[in-house]
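Right, one structure below, let's go through it.
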Amino acid sequence: QVHLVETGGGLVQAGGSLRLSCKASGSNTSPNLMGWYRQAPGKQREVVATKPSVGRTMYADSVKGRFTISINNAKDTVYLQMNSLKPEDTALYYCNARFTYSNVWGQGTQVTVSS
């Protein structure tokens, strides 16, 4: 019964920065992979960044060089540092944690980038 809670979303001007956090509660094991996804109204949910326990971090081409995903030492919080934000980044951002026998999603946090 892992519970993910995202925080840090908000309204920001183009070119600004936001730092999203996603804290996991109720887990006694570390995820095999954690990631961030986003969904804009009328569009499909898309992957933003993923960080596996083994392997290389992956970023969508649209955010590469601007966003950074990281996980704290306790491995209970994943962050998404978003710099040089663009209006196209406006979406509901979801945290995801993949365990061996479960796939858990957060409730989402809204990011709105104004021009």
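Points worth noting:
- Shape class for segment 26-67, computed from the alpha carbon gyration tensor (a ≥ b ≥ c): oblate, with a/c not under 1.5 and a/b at or below b/c.
- Surface composition of the chain: carbon plus sulfur atoms contribute 48% of the solvent-accessible area (1.4 Å probe, protein chains only, all chains present).
- Cross-link pairs exceeding 19 Å between alpha carbons, from the set K23/K43; K23/K75; K23/K64; K43/K75; K23/K51: K23/K43; K23/K64; K43/K75.
- Solvent exposure of the chain as accessible area per residue, Å², 1.4 Å probe: 56 Å²
- Qualifying aspartates and glutamates (Cα of each under 16 Å from Cα of K86; at least 8 residues distant if same chain): D61
- Simple point charges give the picture: +1 on the Cβ of Lys and Arg, -1 on the Cβ of Asp and Glu, and for the chain a dipole about the Cα centre of about 160 debye.
- Taking amide hydrogens as placed 1.01 Å from N in the peptide plane, the amide H of L33 sits under 5 Å from those of S53, R98, each at least 5 positions away in sequence or on another chain.
- At the listed q of 0.14 Å⁻¹, the Debye profile of segment 73-115, built from one uniform point per Cα, gives log10 I(q)/I(0) equal to -0.45.
The values are calculated or read from the model by the stated rules, or taken from the named source; none is laboratory data. What you are looking at is a predicted structure, and each value in this text was computed from that prediction instead of being measured. With ideal geometry, Cβ positions are generated from the backbone for all residues, glycine too; neighbour counts draw on all protein chains shown. All accessible areas refer to the heavy atoms of the entire protein, side chains included, with ligands and DNA or RNA removed. Shrake-Rupley method; radii C 1.70, N 1.55, O 1.52, S 1.80 Å.
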